[in-house]
1. Skip the ligands, DNA and RNA, and give the accessible area per residue of the chain with a 1.4 Å probe, whole Å².
2. How much length, in nm to one decimal, is gained on full extension between ILE17 and GLU39, taken as 0.36 nm per residue of separation minus their Cα-Cα distance?
3. So I have (1) 77; (2) 129; (3) 99, and one of them is volume of the Cα convex hull per residue in Å³ calculated from this model. Which one is it?
4. Heavy atoms only, probe 1.4 Å: what % of the accessible area of the chain goes to carbon and sulfur, would you let me know?
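The values are calculated or read from the model by the stated rules, or taken from the named source; none is laboratory data. As the structure is a prediction and not an experimental result, all values here were calculated from the model. Heads up: the accessible areas ignore ligands, DNA and RNA and are worked out on the full protein's heavy atoms, side chains in. Shrake-Rupley method; radii C 1.70, N 1.55, O 1.52, S 1.80 Å.
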Amino acid sequence: MNRIEFMETLSRLLLDIPEEDRIDALKYYNDYFDEAGEENEEQVIREFGAPEEVAENIKADLKGKT
C-alpha cells in the first residue's frame, strides 16, 4: 500500500462522519505524510497501521467528544 491508496481508503472509510471532521482528519494524515517526506512513506504507513484501524480510532475519538 502506498500513500495514495492509504488516503483513498481512509477517506472512503470516513464517509459516515461529519464532513468537517473528515476533512480535518484527512488533512492531519496528509500533512503527516508531507512532513515525513516521500522517502519515509512506507515507515509512516507502518506507524499508522491499517486504514481501517485509523478510521476506527478517529470515530472512537469523535464519539468521546460528544
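1. Working: 4730 Å² over 66 residues.
I get 72 Å² per residue for the chain.
2. Values: separation 22, 0.36 × 22 = 7.92 nm, distance 3.13 nm.
Stretched out fully, the ILE17 to GLU39 stretch lengthens by 4.8 nm.
3. (1)
4. On the way: 2170 of 4730 Å².
For the chain, the apolar C and S fraction of the accessible surface comes to 46 percent.
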